[in-house]
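Everything below concerns the one structure shown next.
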Amino acid sequence: MEIKRHIETLIPEIIALRRDFHQHPELGFQEFRTRDQVKHFLTSIGIPIKDMAKTGVVGLLEGDEPGRTILLRADMDALPVTEDTGLAWQSEKKGVMHACGHDGHTAMLLGAAKVLSRLRSRIRGRIKFVFQPNEEDAGAWLMIQEGVMENPTVDAAFGCHLWSQIDTGTIDIRPGPVMAASHYFSLTIKGKGGHAGFAHESIDPIFVSSAVIQAVQAVQSREINALDPAVVMFTSAHAGSNSHTIVPDQMTLKGSLRVLYERGEQDIRNRFKRIVDHTCHAHRADYDLTFKVGNHLLSNDDIFTSLVKSAALEVLADPNRVTGSVRTMAGEDFSEYISQVPGAFAFIGIRNPANGIVYPHHHPKFDIDETMLPKGTELYVRTALAYLAKA
Ligand SMILES: [Zn+2]
Ligand SMILES: [Zn+2]
């Protein structure tokens, strides 16, 4: 009960922090104000801090006894969305909004740092509080490049997301793949320009592109096991001028390949490339194809997941409220941390139709049920304590 008592006293502070971050959102790698608030808060509770990855902050809490090191992560970036919630703490910055809930993540983890700093005397080991910039565009990668997993070496990692697709009052955690790997492709189909009246003298890249867009759907529908989730998606297509008579000489296509199963990432790329290659050559066209990793697969460790599940049961005290259903084809760069060490990622329900909180992430009316913020704080605290106690 001691932990619940500590959290109880912090509820107004956690909510105030969230509203402050919400009112002052900042885009990825521009989280200057947020970073300064985080640094000020951590310093005020005696946690030493380090700058990392442009606008990131890492705090390190040393327990009174030696032990393992767990990394707890929150992301801090907002989105280029114009808020339309009408809340009293609505964004002050036109065109920038915390429409994904990262304001809540930062507030929850600061609350957890405060509770854990009070419990220092019973902590065996260390807790690394990672306030990460630019989650929406793979900021975790830069944190790792700059050594967030070292000094001291991290043994396990935990993160969570306030989640609009599940009801308030629930926490969702399951083992295995939960968020998709996404690989972004850019494909330029190179034909030969000419006059629309002499099709035979040109190589029409628009015609070839249409064949490619159709043909590569076979990757998902005919080549990958239907029980392994995969998506081949085009999101951009550009060619030609404004003319009705000129055949352009090239067309550019963009999109993403997504998989939600182990060992699928290279495989889907290879299959996509093979079909692009043959289809282009069948029509005498050439092509340039490049890939960029958006996110790797986020797959939860079995043992660590059961530890988080036990922690969630203590937080909610109702087994029916701890679920294991969320899997999504969206990506999350927390995968970078747990591709190196065991760990898990949980979802905290914030959907509340009774209060009109029903909009999806990245929507101008996105909002969260704030009553779950202290639950998220408690989940960070209990997961860290449980992991370190097990050494
Ligand atoms: Zn997002
Ligand atoms: Zn997010």
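The values are calculated or read from the model by the stated rules, or taken from the named source; none is laboratory data. All figures in this text were calculated on a predicted structure; none of them were measured in a lab. In this analysis, Cβ positions are derived from the backbone assuming ideal geometry, glycine residues included, and neighbour counts consider all displayed protein chains.
May I ask you to say which residue of R120, R124 is basic (K, R), in the same structural domain as D318 (by TED's automatic domain parsing) and without any contact (Cβ under 8 Å) to a residue 60 or more places away in the chain?
On inspection, the qualifying residue turns out to be R120.
For residues in region 52-108 being part of a strand (DSSP E or B) and within 16 Å of ligand 1 (Cβ to nearest atom), which is nearest to Q23 (Cα to Cα)?
M97
Test each condition in (1) within 26 Å of L257 (Cα to Cα); (2) in a strand (DSSP E or B); (3) of a type in the set (A, V, I, L, M) for A140 and report the one that comes out false.
Of the numbered conditions (1) within 26 Å of L257 (Cα to Cα); (2) in a strand (DSSP E or B); (3) of a type in the set (A, V, I, L, M), the odd one out for A140 is (2).
Here are the criteria: (1) surrounded by fewer than 24 Cβ atoms within 10 Å (Cβ to Cβ); (2) within 30 Å of M329 (Cα to Cα). Tell me which single one R124 does not satisfy.
(2)
Scanning for something free of Cβ contacts under 8 Å to residues at least 60 places away in the same chain and within 24 Å of the chain's Cα centre (by Cα), does region 243-264 turn up at least one residue?
yes
Which residue out of D137, D167 is more than 16 Å from ligand 2 (Cβ to nearest atom) and not β-branched (V, I, T)?
Only one candidate qualifies: D167.
Just to check your reading of the model, which residue among K54, K94 is in contact (Cβ under 8 Å) with a residue 60 or more places away in the chain and farther than 23 Å from I7 by Cα?
K54
State which residue pairs qualify: first residue small (G, A, S) and inside region 277-298, second residue in a helix (DSSP H, G or I) and modelled with pLDDT of 95 or more in any location, beta carbons under 8 Å apart, and separation of 6 or more residues or different chains.
Listed pairs, sorted by first residue: A282/A211; A285/P205; A285/V208.
In this structure, is V81 within 20 Å of the chain's Cα centre (by Cα), over 23 Å from L142 (Cα atoms) and not acidic (D, E)?
yes
Of the residues that sit in region 31-47 and are out of contact with any Leu (no Cβ under 6 Å at 6 or more places or on another chain) and in contact (Cβ under 8 Å) with a residue 40 or more places away in the chain, which one is farthest from G95 (Cα to Cα)?
Per the stated criteria, the residue is G46.
Matching residues to (1) surrounded by fewer than 17 Cβ atoms within 10 Å (Cβ to Cβ); (2) over 17 Å from K375 (Cα atoms); (3) in contact with a Gly (Cβ under 8 Å, 6 or more places away or on another chain):
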residue	(1), (2), (3)
G294	no, yes, yes
V308	no, no, no
D333	no, yes, yes
Q340	yes, yes, no
I357	no, yes, no
P360	yes, yes, no
